[in-house]
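Bear in mind that the values in this text are calculations on the coordinates, not laboratory data. Values in this document were obtained by computation on a predicted structure and should not be read as measured data. Methodologically, a virtual Cβ is constructed for each residue, glycine included, from the backbone with ideal geometry; neighbour enumeration extends over all protein chains shown.
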There are 2 protein chains.
Amino acid sequence: MLMSKLVGERTKTAPSDAVIKSHSLMIRAGYIKLVANGIWSLAMPAKRIARKIENIIREEMDAVDGQECMFPVVMPREMWDESGRYSSIGDEMVRFKDRNGRDYVLGMTHEEAAVQFARDAVNSYQQLPFMIYQIQTKFRDEGRARGGLIRVREFTMKDAYSFHISQEDLEKYYVRVYDAYNRIFKRIGMRNFISVLSDSGMMGGAVSHEFMLLTDIGEDTLVICPECGYKSNMEVAKCMPEAYPAEEPKAIEEVFTGDAKEISEVTAYLGDIPAEKTVKAVCYNIKGDSVRTVLCFIRGDLEVNEAKLKKIVRAEVVPANLADSALVAGNIGPVGLDAENVTVVVDASLKGAVNMVTGANKEGYHLKNVCEGRDFKASDADIAKVKEGSRCPVCGAPLTVKNGIEIGNIFQLGTKYTASMGMTVLNKEGKAVNPIMGCYGIGVGRAIASIAEERADEKGLNWPMSVAPWHVYLCALRVDDAEVREKAEALYEKLQAAGVEVIYDDREASPGFKFSDCDLMGIPLRVVVSPRSLAAGEVEVQIRESGERFNMPYDGCVEKIKQTVTERMQI
Amino acid sequence: MLMSKLVGERTKTAPSDAVIKSHSLMIRAGYIKLVANGIWSLAMPAKRIARKIENIIREEMDAVDGQECMFPVVMPREMWDESGRYSSIGDEMVRFKDRNGRDYVLGMTHEEAAVQFARDAVNSYQQLPFMIYQIQTKFRDEGRARGGLIRVREFTMKDAYSFHISQEDLEKYYVRVYDAYNRIFKRIGMRNFISVLSDSGMMGGAVSHEFMLLTDIGEDTLVICPECGYKSNMEVAKCMPEAYPAEEPKAIEEVFTGDAKEISEVTAYLGDIPAEKTVKAVCYNIKGDSVRTVLCFIRGDLEVNEAKLKKIVRAEVVPANLADSALVAGNIGPVGLDAENVTVVVDASLKGAVNMVTGANKEGYHLKNVCEGRDFKASDADIAKVKEGSRCPVCGAPLTVKNGIEIGNIFQLGTKYTASMGMTVLNKEGKAVNPIMGCYGIGVGRAIASIAEERADEKGLNWPMSVAPWHVYLCALRVDDAEVREKAEALYEKLQAAGVEVIYDDREASPGFKFSDCDLMGIPLRVVVSPRSLAAGEVEVQIRESGERFNMPYDGCVEKIKQTVTERMQI
């Protein structure tokens, strides 16, 4: 490719809303172009990266016996009614009517399509297991598109669906995909990534993992045990109850606390008692139900993990409006509580709590010396958010908390879709059973942005050889010099003939201008042909990542460059 | 791939609405699965064919300096308002609102996206010409989806857009793409295809060509001159007026014709006069306008070409409802015509007509001896449909009429989009001008169906080697025989290691069952390993297309099979 013809403007400035590196640099390097909120066009270099990532994914999916298929972007409502997701998924799914007034959706995931595809074609356990996958456009009407390709509305995704006769078989296959994912992320050049236990969300199912690139700009919060390797998304991280120090239960005492409502105000008012010695009340409403209140009690130093709470109450929750409620905001406590339409969830962190401060359910008052067991009952429910330093649920060591970008996910779905959509196969005993499914996703655009985010430096993007849009940026300095032009063009042809992908900067421009475009675009090898290098019979090679620079004889450089490309393919 | 695990049921019967070969066979072979009207899922073999076709297209597009990009499926209304197509395109474009109430469309073509992508990035004539393309999903809410993948609503298309500083440059580039298209269709295994002049329809622009696969089931009607090679879509084929025999004009005479209304009835009633001696009246309404009538007069043996008429009246036309009109249906004529709100178009076929029979504009009567020039005026308008045997507009030889499937199209667009969307570059003189565009499309799914349609035989599909889902169907007969199993599996591994794509029929089934699946699926080479072949130290090879069958020694067969695959890649 000739730089003089490449469409995609390189600029010194990025739009002011580009607050993360990858977003800003990919715009500045002319890789992506905004079309509408969360909707992008990819220029040639970005499309080349996407194709290379797709091909690596494809190889690894084929290696675990995947069958590449193609399901449609537009699907009829009926299919989503079968699974129940036409009504259970909210605004993020685009719905429209066709010219005949029939309802359609834009696919944001393809469990329904995979089951519809397979259910008539597979009849016997002997045809299981199998995995079908596609690499296809999806649309999710994301409320908070941001960060360039990190969080978008339209995206290309590899989504895979496996079908099994037993949970054991699914689990065996799940491990194969887990390993394939590790290979994929490694091969596309990601470095600091981990897998964590995760919430299966709208997919349904039990066990699931997310692959996360660790980075400060990540939107996900991850809980990691440096001792035993336990790793979890904060949303599902188990909070271990801590034992309360042995203490003699005292008699309950009502104390005036005036305007002190927040835990920090109450503890200060009562003479700096520790927050751990208080019971915090947190109220929610069920989304779309203004009557019912969910009232959570939790140890005063902890926060409620809404993702875990949602699972327990089996509904979306929103911060409560207590205006018309009998609850006394800021003075709510578990003792003598008397309110209608309230679901109470007492977190396990309060188990065994002795002599605690709680609200007195009376304006301006709290109770002291409230004891769990005697005065109220804690449940086994775990709705607490893990904190830095919380105990690891596996080994008990202090946990650390980090941020990550989700770069892939794998789910054990169970029979949610095969049961609801009526897919059965005959098992060995001749009985019709629902196959057990797994599903496995990787977003291609987000992978591009994540690699960019992890590898970029102050000079610009910095692609690993395995997915770089071109291997070599061939830079002719002084293209008005006939010899430079001739030798550079000959090298351009020879490198390509040798299978090296080259973008050739044939423009009449200064060395500084060209070098800065090369750095900004992040092409792994820069090869310079200039009057000076030719005078010495050489070309100059620079490695983008390390900045390392060396000369090699012009004659025979094609082989050496090719070798460097091959070596760096593994890095 | 193992046949025992391939998802996609092969059946003996196709749905009753599958009236064309490719549709029926692709369903029967388990290649495609209907999701909704005009919306399909592709099974693994069909997806493999699609990818091979896409890769051939990609190679040829890259060879004419194309830059592969990716534009979105979902686009904001604003972009389509700029070009004016948000309102000019009808029901076939899907429109919906996002969660914030903004209007979006599903892309059915991407001229707007291409201009939006390029307009900020390109400023100077020196950056021209360039061509950007994508291979991406499109949706067109087609009213008459039919024929499997022939006419669908959701489809994968390669669409390319070129930008030029002058018409000459566009024309030069247009020829390069024209040649590339010929190479593409040849490489993907099409045989009987031609290019024809075509109507540029909703794209705008002047010159355009369609590539057509000649086949009786084609929906397009093509006009071909066997003498000079003139080829045109019927929609735009020029009809040459024919000279009337010299004859003395007679005086007009009104004759009673009773219930005779159609030309055939009138000519019969009047004693078998030739239809060429009559003037036919054909009435239309402008679509969406119930008042205005378009009244066409044309020589009685000819039909009106509505595509050409549409261009002349610059509107869609529909058959007229004459209920409230002053026109006397069946007796309309050009003489003494008196009707309001009527646009009259007299076809050039009536130029010089002498002593014609026409309607008398009076219930039950016609006129004889009506003469053009004396009694009414013909225009230069050409609204007549070419017939088999009509004269070629280039060389005058008799034309033939054939059916075809459109497999690709190329358009000289002009500045319709760059002007309306405000894309300019500075020309050599430093003046801002709108680049001149070309656009170039190929539907991938339709290409699959067209190849299937052209090549299938009574036994099933029959893929050319270049796009076949697998090169070899390896058939083990008697898989319960340990030696067969061992030798077949070894061959499966070795062939794949040698780069031959193999589907291995490892199922316990009868030879007939396996052979018929192999024939139905249309894999180019069948290789059989059986107790009998092994007894002779051989494998049996059959070529799907010719039925030719020969044995080769088991030892060394990998190289020979590979060579056969390579040779047949050109066929």
For A:E567, which inter-copy label distances result when the label point lies 7 Å beyond Cα on the Cα-to-Cβ vector, reported in nm to one decimal and in ascending order?
4.5
When you take every Cα atom in segment A:253-370, what is the radius of gyration, and what is Dmax, the widest Cα pair distance, in Å?
13.8, 41
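List the relative contact order of segment A:472-568 as a percent without decimals, with contacts defined as Cα pairs under 8 Å and 6+ residues apart. Intermediate values should be presented prior to the final figure.
Numbers: 146 pairs, mean separation 29.0, N = 97.
Taking the mean separation of contacting Cα pairs over the length of segment A:472-568, I get 30 percent.
Work the Kirkwood hydrodynamic radius out for segment B:434-507: mean of 1/r over every pair of different alpha-carbon atoms, inverted, in Å. Walk me through the numbers before you get to the answer.
Numbers: mean 1/r = 0.0647 Å⁻¹.
Hydrodynamic radius (Kirkwood, Cα only) of segment B:434-507 equals 15.4 Å.
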Neighbour counts of other C-beta atoms within 10 Å: give me B:L106, B:L534, A:L495 arranged from fewest to most.
B:L534, A:L495, B:L106
Setting aside same-chain residues fewer than 8 positions from A:K231, which aspartates and glutamates have a Cα under 14 Å from its Cα?
A:D199, A:E210, A:D220, A:E388, A:E406
Based on alpha-carbon centroids, what's the gap between segment B:517-559 and segment B:363-417 in Å, whole number please?
55 Å
Taking a straight Cα-to-Cα line shorter than 29 Å from A:K362, and setting aside same-chain lysines fewer than 8 residues away, one finds A:K250, A:K261, A:K277, A:K280, A:K287, A:K310, A:K351, A:K377, A:K385
Measuring from label point to label point, each 7 Å out along Cα→Cβ, what is the A:E458 to B:F513 span in nm?
7.1 nm
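Which of rounded, prolate, oblate describes chain B, given a ≥ b ≥ c as roots of the alpha-carbon gyration tensor eigenvalues and a/c under 1.5 marking rounded, otherwise prolate only if a/b is larger than b/c? Display every interim value, and only then the final one.
Working: a/c = 2.43, a/b = 1.67, b/c = 1.46.
Prolate shape, in that a/c is at least 1.5 and a/b is the bigger ratio.
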As I understand it, the value is the acute angle between the Cα axis of helix A:444-455 and the longest principal axis of the Cα atoms of chain A; what does it come to in degrees, rounded to 10?
80 degrees
Rounded to whole angstrom, how close does the nearest chain B beta-carbon get to the axis mapping B onto A, and which residue is it?
B:F96, 2
Using only atoms on other chains, find how many Cβ atoms lie within 10 Å of each Cβ of peptide A:31-37 and report the average.
5
The protein assembly as shown -> Rg/Rh from Cα coords, Kirkwood Rh, value 1.05
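Could you tell me whether segment B:1-130 comes out rounded, prolate or oblate from its Cα gyration tensor? Rule is a ≥ b ≥ c as square roots of the eigenvalues, rounded for a/c under 1.5, then prolate if a/b exceeds b/c, otherwise oblate. Provide the component values of the computation, followed by the final result.
Numbers: a/c = 2.84, a/b = 1.59, b/c = 1.79.
Oblate.
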Cβ density ranking, 10 Å radius, fewest first, applied to A:C371, A:C395, B:C439 yields A:C395, A:C371, B:C439
When B:F193, A:F513, B:F297 are ranked with the fewest other C-beta atoms within 10 Å first, the list becomes A:F513, B:F193, B:F297
If we hang a label 7 Å off Cα along the beta carbon direction at B:E59, how far is it from the matching labels on the other copies, in nm, shortest first?
2.0
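State the extension gain, in nm to one decimal, for the chain segment bounded by B:E82 and B:E363, taking 0.36 nm per residue of separation less the distance between their alpha-carbons. Write down the numbers at each step before the final one.
Values: separation 281, 0.36 × 281 = 101.16 nm, distance 5.11 nm.
Stretched fully, the B:E82-B:E363 segment lengthens by 96.0 nm.
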The distance between the Cα centres of segment B:255-289 and segment A:17-64, in whole Å, is 64 Å
Debye equation applied to the C-alpha atoms of segment B:37-86, log10 I(q)/I(0) at 0.15, 0.27, 0.31 Å⁻¹:
-0.74, -0.94, -1.05
Past 23 Å, Cα to Cα: identify those pairs from A:K172/B:K33; A:K172/B:K5; B:K172/B:K402, in the order given.
A:K172/B:K33; B:K172/B:K402
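Reported to two decimal places, what Rg/Rh ratio describes segment A:388-531 when computed on Cα atoms with Rh from the Kirkwood expression? Please report the intermediate quantities before stating the final value.
Numbers: Rg = 26.4 Å, Rh = 20.4 Å.
Result for segment A:388-531 is an Rg/Rh of 1.29.
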A:I407's amide H: which non-local residues (gap 5+, or another chain) put their own amide H closer than 5 Å, with H modeled 1.01 Å from N in plane and none for Pro or chain starts?
A:F211, A:M212, A:L213
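Can you give the Rg to Rh ratio for segment A:472-568, taking only C-alpha atoms and Rh from Kirkwood? Mind showing how you got there, number by number?
Values: Rg = 12.0 Å, Rh = 13.1 Å.
Result: Rg/Rh = 0.92.
In square nanometres, what is the average projected area of the Cα convex hull of segment B:374-452?
Values: hull surface 47.6 nm².
Approximately 11.9 nm², given one-decimal rounding.
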Helix B:167-187 axis, angle to chain B major axis (alpha carbon atoms, nearest 10°):
50 degrees
Would you mind checking the tilt of helix A:557-568 against the longest principal axis of the Cα atoms of chain A, expressed as 0 to 90 degrees and rounded to 10?
10 degrees
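Quote the relative contact order of segment A:253-370 in percent (integer), defining contacts as alpha-carbon pairs under 8 Å separated by 6+ residues. Walk me through the numbers before you get to the answer.
Numbers: 219 pairs, mean separation 38.6, N = 118.
Relative contact order for segment A:253-370 comes out at 33 percent.
Report the calculated FRET efficiency for B:R314 and B:A397 (r = Cβ-Cβ distance, R0 = 41 Å), to the nearest 0.05.
Numbers: r = 33 Å, r/R0 = 0.80.
That gives a FRET efficiency of 0.80.
Would you mind calculating the relative contact order of chain A from Cα pairs under 8 angstrom and at least 6 residues apart, reporting the percent as a whole number?
For chain A, the relative contact order is 17 percent.
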Cys residues of chain B with no disulfide-compatible partner (no other Cys Cβ under 4.7 Å) are B:C69, B:C239, B:C283, B:C296, B:C371, B:C439, B:C475, B:C518, B:C557
Run through the other copies and list how far each one's label point is from that of B:D481, in nm with one decimal, shortest first; the point sits 7 Å from Cα along Cα-Cβ.
7.2
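Which of rounded, prolate, oblate describes segment A:67-219, given a ≥ b ≥ c as roots of the alpha-carbon gyration tensor eigenvalues and a/c under 1.5 marking rounded, otherwise prolate only if a/b is larger than b/c?
Numbers: a/c = 1.93, a/b = 1.10, b/c = 1.75.
Oblate is the answer for segment A:67-219, as a/c is 1.5 or above yet b/c matches or exceeds a/b.
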